[in-house]
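S.K.: My questions all concern the structure below.
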Amino acid sequence: MSESPRRGAQIVDGTGGPLVGAGRLRTVLPFAVTATISMIVAIPATSWDRPHLALVGSILSVATMIGSMVFPWHRVPRHAQLMPPLLFLAATLLMASATSYGIGSPFVTMAVLPLMWLAIYENRTAVLSAATLTGVTLWLTAPDSNVEKPINATISTVVFVVCAAGMGVTLHGLVAGARRLALTLHDQQHALEQAALMMNSLPERVNRYRVSDHVITYCNAAWATQYNVELSQAIGRRLDDFLSEDELEGMHTQLALLSAENATLVDPIAREANNSPGQWLEWADQYLTDGGEVDVLSVGRDVTARHRAEVLQAESEARYRDLADKSADVVWRVLVEPSPHFDYMSPSIDNILGYPPLYFLEDFTRILDVLDDAGKTAIARALNGEQIIDRFDFRFRHANGSTVVGETRTTLIRGGVQGVSRDVTELRQLQDKMAALALRDPLTGLANRRLLDELLDVALTRTRRSGQALAVAFFDLDGFKEVNDNYGHDAGDVVLCETARRLLANVRGADAVARVGGDEFAIAYELTETGSNHIIQRIDRALSAPINIAPDTVVSCPASIGVADTRTVGYNGAALIAAADKAMYEVKRNRKSVRES
């Protein structure tokens, strides 16, 4: 809950209000004087013989109570807070004592006054206690009346206590409720302000508009910046004024699909933002109803990077598709009745599978003999009338026993299914090779930095679970630049390939070996009980051995090695690599200093 707006030292109850409203003597003096005047005027008014004076005393008493309600007692220091309650207690006792001389109603009013005070600034327990105490005091200080009519006096006292307590509790509840409501409204206002600040700090473009007229009822700062408009100027205008034709088309498409049953939709098509060529946004819409009015809350996310990647991927696939389209396709058609059979098979089937068309036209089951299980399942689903995916790969067995990958598209037709298949065996092999190249160093065949990160994450997950320690070692070849400069890059490639071979020969099969750049290599391996020294020493000896770069030419490229492990760095891949890299350069720097000295 937010901090109360009140300031200064005070005693507060559960509602945030002060327990006792009071002040310094000079601040309560008008209040005390009023109470005293009320008391002086009322004392001579015996019973109802002087009703005017009694009325004046009652009015002054009520005025005093009202004054105590509106005075800002919570601003008064704590040490003066008990003054008014003590004055009221004294006034009540005096008024009650006067009843022994036959004085009546005005003093009951004065007796209720402290109860009203407690009702406002105390709690229910205090009200009930004070009401009981006041009633008993009145009863005890009127002995003549009590002796003459003890039952009446007792009943009057009980009635007074009940009525006064009820009035006090009710008033206390009203005041406490008002305070709670004020605090709740304050907290809600604060929450709304915080929500507005949070919405304006979001990078997503957020706006809300009415479905009936497309008028914007809310937008955040990111949306206003995107469409080059001030926040105050955007509210109340139509959304159509800011959108491009492509965005408008997307908006109308979404509106046609949105409903109470289909309340959240993401536009599957990224739209180019108006006034921002080359920037693409993805919009998610939420259907809202508020008092009968239908609104849409739209959230736009910048997907420019993803869109560019998709375009590049689509262009790449289009190039591959163009190459595949130049090959001969197999067109075929299968009818279900009276039993599944090929109605047509193009001659190019002979070039792809090594069987003439008639071989399959005579017996439909022969195609099942050369299909893999996934292909058989897809054919069975298609013949049952199920819509299968638009494009998929069938794996066929060629007449010579080899495997052929046939990319196949199918279309349901009346009474059967037809399709087009093309040989994409080489294309799929090329794609697999490209995928491998994306994770492998093309020269040495080792993992590249990207694959090392993935392998390291897997190894860290495994070792963290088992409690085993993991180490990362970085290697930098000393003298490699001189080999390149003196003997050429072909000689340098020989050194790199031989280094990779020696690394692989001196690690375990589960260890990861990578070339992370130029002449830098890295390994990730689990530590044994003897630690990492024996592994590093073995690799150091292997890399220090001479390398034949030509029949009569030998070079030496020992490595500077830096090691870091999870026992000192923790189970964090990036931290391990950084620590090992730093340690390697420290070793290299020390070696250089020794050589120079």
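S.K.: Quick one: how many residues across region 516-540 are under 39 Å from the mean Cα position of the chain (by Cα) and within 13 Å of residue 472 (Cα to Cα)? Give the derivation first.
M.R.: Keep residues of region 516-540 that are under 39 Å from the mean Cα position of the chain (by Cα), which gives 516-517, 521-527.
Those left that are additionally within 13 Å of residue 472 (Cα to Cα): 516, 521-527.
Selection size over region 516-540: 8.
S.K.: Evaluate the following for residue 422: is it among the basic types (Lys, Arg), farther than 19 Å from residue 369 by Cβ and crowded, with 17+ Cβ neighbours inside 10 Å?
M.R.: Details: among the basic types (Lys, Arg): yes; farther than 19 Å from residue 369 by Cβ: yes; crowded, with 17+ Cβ neighbours inside 10 Å: yes.
Yes; evaluated as a whole, the condition is true for this residue.
S.K.: Could you please find all residues in region 360-398 being part of a loop (DSSP other than H, G, I, E, B), modelled with pLDDT under 85 and not acidic (Asp, Glu)? Even if it seems obvious, please write down each step before you answer.
M.R.: Going residue by residue through region 360-398, those that are part of a loop (DSSP other than H, G, I, E, B) are 363-364, 370, 372, 384-390, 398.
When the remaining residues are screened for being modelled with pLDDT under 85, the result is 384-390.
Hits for region 360-398 are 384, 385, 387, 388, 389.
S.K.: Residue 509 passes all but one of (1) surrounded by fewer than 18 Cβ atoms within 10 Å (Cβ to Cβ); (2) more than 47 Å from the chain's Cα centre (by Cα); (3) part of a loop (DSSP other than H, G, I, E, B); which number fails?
M.R.: Answer for residue 509: the failing condition is (2).
S.K.: Using the structure shown, decide if residue 200 is at pLDDT below 85, surrounded by fewer than 17 Cβ atoms within 10 Å (Cβ to Cβ) and closer than 21 Å to residue 284 by Cβ. Step through it out loud before you land on a result.
M.R.: Details: at pLDDT below 85: yes; surrounded by fewer than 17 Cβ atoms within 10 Å (Cβ to Cβ): yes; closer than 21 Å to residue 284 by Cβ: yes.
When the stated conditions are applied, residue 200 passes them.
S.K.: While we're looking at this one, here's another question. Just wondering, is there one or more residues in region 536-546 that are out of contact with any helix residue (DSSP H, G or I) (no Cβ under 8 Å at 6 or more places or on another chain), assigned to a helix (DSSP H, G or I), of a type in the set (A, V, I, L, M, F, W, C) and surrounded by 13 or more Cβ atoms within 10 Å (Cβ to Cβ)?
M.R.: Within region 536-546, one or more residues are out of contact with any helix residue (DSSP H, G or I) (no Cβ under 8 Å at 6 or more places or on another chain), assigned to a helix (DSSP H, G or I), of a type in the set (A, V, I, L, M, F, W, C) and surrounded by 13 or more Cβ atoms within 10 Å (Cβ to Cβ).
S.K.: Next question. Inside region 550-560, can you point out the residues that are crowded, with 21+ Cβ neighbours inside 10 Å and either assigned to a strand (DSSP E or B) or not assigned by TED's automatic domain parsing to the domain that holds residue 473 (or both)?
M.R.: To start, the set of residues in region 550-560 that are crowded, with 21+ Cβ neighbours inside 10 Å comprises 557, 559-560.
Once the filter is applied, which keeps residues that are crowded, with 21+ Cβ neighbours inside 10 Å and either assigned to a strand (DSSP E or B) or not assigned by TED's automatic domain parsing to the domain that holds residue 473 (or both), region 550-560 yields 559, 560.
S.K.: Inspect all residues belonging to region 459-475 and state whether any of them is surrounded by 12 or more Cβ atoms within 10 Å (Cβ to Cβ), modelled with pLDDT of 90 or more and over 38 Å from the mean Cα position of the chain (by Cα).
M.R.: yes
S.K.: List the number of the failed condition for residue 483; all other conditions in (1) more than 22 Å from residue 566 (Cβ to Cβ); (2) out of contact with any Ser or Thr (no Cβ under 6 Å at 6 or more places or on another chain); (3) loosely packed, with under 13 Cβ neighbours inside 10 Å hold.
M.R.: If we test residue 483 against (1) more than 22 Å from residue 566 (Cβ to Cβ); (2) out of contact with any Ser or Thr (no Cβ under 6 Å at 6 or more places or on another chain); (3) loosely packed, with under 13 Cβ neighbours inside 10 Å, just (3) comes out false.
S.K.: Please verify whether region 285-296 includes one or more residues that are hydrophobic (A, V, I, L, M, F, W, C), surrounded by 11 or more Cβ atoms within 10 Å (Cβ to Cβ) and under 20 Å from residue 222 (Cα atoms). If you could, list the steps in order and put the result at the bottom.
M.R.: Taking region 285-296 as the starting set, the residues that turn out to be hydrophobic (A, V, I, L, M, F, W, C) are 288, 294, 296.
From what's left, surrounded by 11 or more Cβ atoms within 10 Å (Cβ to Cβ): 288, 294, 296.
Subset that is under 20 Å from residue 222 (Cα atoms): 296.
Checked against the condition, which is being hydrophobic (A, V, I, L, M, F, W, C), surrounded by 11 or more Cβ atoms within 10 Å (Cβ to Cβ) and under 20 Å from residue 222 (Cα atoms), region 285-296 yields at least one hit.
S.K.: Being modelled with pLDDT of 80 or more and assigned to a loop (DSSP other than H, G, I, E, B) is the filter; apply it to region 317-346 and report the residue that is farthest from the chain's Cα centre (by Cα). It would help to see each step written out before you state the result.
M.R.: Taking region 317-346 as the starting set, the residues that turn out to be modelled with pLDDT of 80 or more are 329-346.
Next, from what is left, pick out any that are assigned to a loop (DSSP other than H, G, I, E, B): 336-340, 346.
On the way: 336: 53, 337: 57, 338: 59, 339: 57, 340: 54, 346: 56 Å.
Here the residue is 338.
S.K.: Evaluate the following for residue 176: is it among the small types (Gly, Ala, Ser), modelled with pLDDT under 70 and over 20 Å from residue 274 (Cα atoms)?
M.R.: Yes.
S.K.: Return yes or no: is residue 491 loosely packed, with under 13 Cβ neighbours inside 10 Å and within 27 Å of residue 545 (Cβ to Cβ)?
M.R.: Working: loosely packed, with under 13 Cβ neighbours inside 10 Å: no; within 27 Å of residue 545 (Cβ to Cβ): yes.
Judged against the criteria, residue 491 is not a match.
S.K.: For region 240-295, how many residues are charged (D, E, K, R) and over 29 Å from residue 308 (Cβ atoms)?
M.R.: Residues of region 240-295 that are charged (D, E, K, R), as a first pass: 240-241, 245-247, 249, 261, 267, 271-272, 282, 285, 290, 293, 295.
Going one step further and asking which of them are over 29 Å from residue 308 (Cβ atoms), we end up with 261, 290, 293, 295.
Matching residues across region 240-295 total 4.
S.K.: Right, next: Name the one entry in 545, 583 that is farther than 30 Å from residue 467 by Cα and of a type in the set (A, V, I, L, M). Break it down into steps so the answer makes sense when it comes.
M.R.: Details: 583 fails: farther than 30 Å from residue 467 by Cα.
Just one listed residue meets the conditions, 545.
S.K.: Just checking, how many residues over region 240-256 are charged (D, E, K, R) and either in contact with a Pro (Cβ under 6 Å, 6 or more places away or on another chain) or within 15 Å of residue 216 (Cβ to Cβ) (or both)?
M.R.: Our first condition is that a residue be charged (D, E, K, R); within region 240-256, this holds for 240-241, 245-247, 249.
Going one step further and asking which of them are either in contact with a Pro (Cβ under 6 Å, 6 or more places away or on another chain) or within 15 Å of residue 216 (Cβ to Cβ) (or both), we end up with 240-241, 247.
The qualifying residues number 3.
S.K.: Can you tell me how many residues in region 197-239 are in a loop (DSSP other than H, G, I, E, B), closer than 15 Å to residue 301 by Cβ and without any contact (Cβ under 8 Å) to a residue 24 or more places away in the chain?
M.R.: Summing the residues that are in a loop (DSSP other than H, G, I, E, B), closer than 15 Å to residue 301 by Cβ and without any contact (Cβ under 8 Å) to a residue 24 or more places away in the chain in region 197-239 gives 2.
The values are calculated or read from the model by the stated rules, or taken from the named source; none is laboratory data. All of these numbers come straight from a predicted model, not from anything done at the bench. Because the Cβ atoms are built from the backbone with ideal geometry, glycine has one as well, and the counts that use them run over all protein chains shown.
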